[in-house]
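The block underneath contains the structure these notes are about, expressed in structure tokens.
Here, each number is a calculation from the coordinates, and none is a lab measurement. Values in this document were obtained by computation on a predicted structure and should not be read as measured data. Cβ atoms come from the backbone with ideal geometry, glycine included; neighbour counts cover every protein chain shown.
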Amino acid sequence: MADIAPAPALLELDHLSAGYTDDPVVVDFTASIPAGTITTVIGPNGAGKSTLLRAIAGTNRHFGGSVKLRGQSIERLTPTQRLKLGVGCVPQGRCNFPLMTVRENLELGAFTLPKFAAAEAQDRVLAQFPLLATKLDMLAGNMSGGEQQILETAMVLETGPQLLLLDEPSLGLSPGNQEQVFATIAELRGRGLTVLVVEQNAHGALGISDIGIVMELGRLFAMGPAQEILHDPRIKVAYLGGG
């Protein structure tokens, strides 16, 4: 039987350094993310996980190194330019408009698209997430935490990203809602999307992931198949609560 060629890299980070003021938080970070995979980034608080996502999205300061999407360098592009090329980001915490309806939130999610494309995008995500179709007239703030996370993800998906960045999607959610969010992420991979997740619930996120990345003090500590990361004794003791 012929070997199956590995998926080509959608995202390549080469000696990337990024931060906010005078000193980088992420330092000399190199990794390659294959297309059509879920990659979860774990590590202690302050390790630079969220800073890494923001460096890919273009919302912090670039100190050095490169960010390539499908082989194209994007580290000098604005967040809007990166969005148009296919980088979508759902930041940490609730980022919908809670006093507006689900329908109005979806309209805002498609705001940058031409009118005909916006209508198609809304229809597409409603077909993808039938739950939202049943709550179009509900205020977003009245939905459960898991439902709000799905709405926020749908708003970003309306732009048609190829790479979806999720920063702590299960933060503050009940166990049931966390399961709902992780199931949604796994479904996105099934639709061909590449997902990069920063997550404190390492067990839940690594359980649905193809690749695991461990960060420490802004640097890459370990990277490999998610199940190997999940069961590595050193990592279990340091980051996963293992004995």
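Quick one: of the DSSP bridges fully inside the chain, what percent are antiparallel, nearest 5? In the chain, DSSP labels about 60 percent of beta bridges as antiparallel. When only the Cβ of Lys, Arg, Asp and Glu is charged (+1, +1, -1, -1), the dipole of the range 1-88 relative to its Cα centre reaches about 380 debye. Determine the shape class of the range 184-242: with a ≥ b ≥ c the square roots of the Cα gyration tensor eigenvalues, call it rounded for a/c under 1.5, and otherwise prolate if a/b is greater than b/c, oblate otherwise. Here the range 184-242 falls in the prolate category.
Count Lys and Arg as plus one, Asp and Glu as minus one, and take only other residues whose Cβ is under 12 Å from that of A31; the net charge is then -1.
Could you tell me how far the Cα centroid of the range 46-82 sits from the Cα centroid of the range 159-187, in Å? Result: 21 Å between the Cα centres. Annotation: amide H-H contacts under 5 Å for R219 (H modelled 1.01 Å from N, sequence separation of 5 or more, or interchain): V27. May I ask for the equivalent-ellipsoid semi-axes of the range 90-169, computed as the square root of five times each C-alpha gyration tensor eigenvalue and listed largest first in whole Å? Those come to 18, 15, 11 Å. Bridge orientation summary for the range 117-243: considering DSSP beta bridges with both residues in this region, about 55 percent are antiparallel. Helix 115-128 and the longest principal axis of the Cα set of the chain meet at an angle near 70°. Rounded to the nearest 500, the 222 nm mean residue ellipticity of the chain from helices alone is -10500 deg cm²/dmol, with -39,500 (n - 2.57) taken per DSSP H run of at least 4 residues. Each Cα pair under 8 Å and six or more residues apart adds its separation to the average, and for the range 54-164 the resulting relative contact order is 35 percent.
The largest-to-smallest principal axis extents of the Cα set in the range 100-231 are 45, 30, 27 Å.
Computed over the range 1-86, the alpha-carbon pair-distance distribution with 5 angstrom bins reads 3, 14, 23, 25, 18, 9, 4, 3, 2, 0, 0, each value a whole percent. Label-to-label distance, L136 versus L113, with points set 7 angstrom from Cα along the beta-carbon direction: 1.5 nm.
Name the shape class, rounded, prolate or oblate, that the alpha-carbon gyration tensor gives for the range 140-206, where a ≥ b ≥ c are the square roots of its eigenvalues, rounded holds for a/c under 1.5, and otherwise prolate holds if a/b is larger than b/c and oblate otherwise. Each step should come with its number before you reach the end.
On the way: a/c = 1.85, a/b = 1.18, b/c = 1.57.
Since a/c reaches 1.5 but b/c is at least a/b, the shape of the range 140-206 is classed as oblate.
In the chain, taking the dipole from charged Cβ atoms about the Cα centre, the farthest positive-side position among T184, T59, A222 is held by T59. Charging the Cβ of each Asp and Glu at -1 and of each Lys and Arg at +1, and nothing else, the dipole of the chain about its Cα centre rounds to 300 debye. Projected label points at R76 and F221, each 7 Å from Cα along the beta carbon direction, are separated by 3.5 nanometres.
Under a 5 Å amide H cut-off, with hydrogens placed 1.01 Å from N, E199 pairs with V41, E168 among residues at least 5 apart or on other chains.
Going from the alpha-carbon gyration tensor of the chain, what semi-axes, largest first and in whole Å, does one get by taking the root of 5 times each eigenvalue?
On the way: eigenvalues 161, 90, 66 Å².
Each semi-axis is √(5λ); the values are 28, 21, 18 Å.
If only the Cβ of Lys and Arg carry +1 and only the Cβ of Asp and Glu carry -1, the dipole of the range 115-223 around its Cα centre is close to 180 debye. Other residues lying with their Cβ under 11 Å from the Cβ of D14 contribute a combined charge of -2, Lys and Arg counting +1, Asp and Glu -1. Taken one residue at a time, the phi angles of the range 143-149 give Karplus couplings (6.51, -1.76, 1.60, θ = phi - 60°) of 7, 5, x, x, 5, 5, 5 Hz. Gly and Pro are set to x. Excluding S73 itself, calculate the net charge of residues whose Cβ lies under 12 Å from the Cβ of S73, where each Lys or Arg counts +1 and each Asp or Glu counts -1. Around S73, the charge tally is +1.
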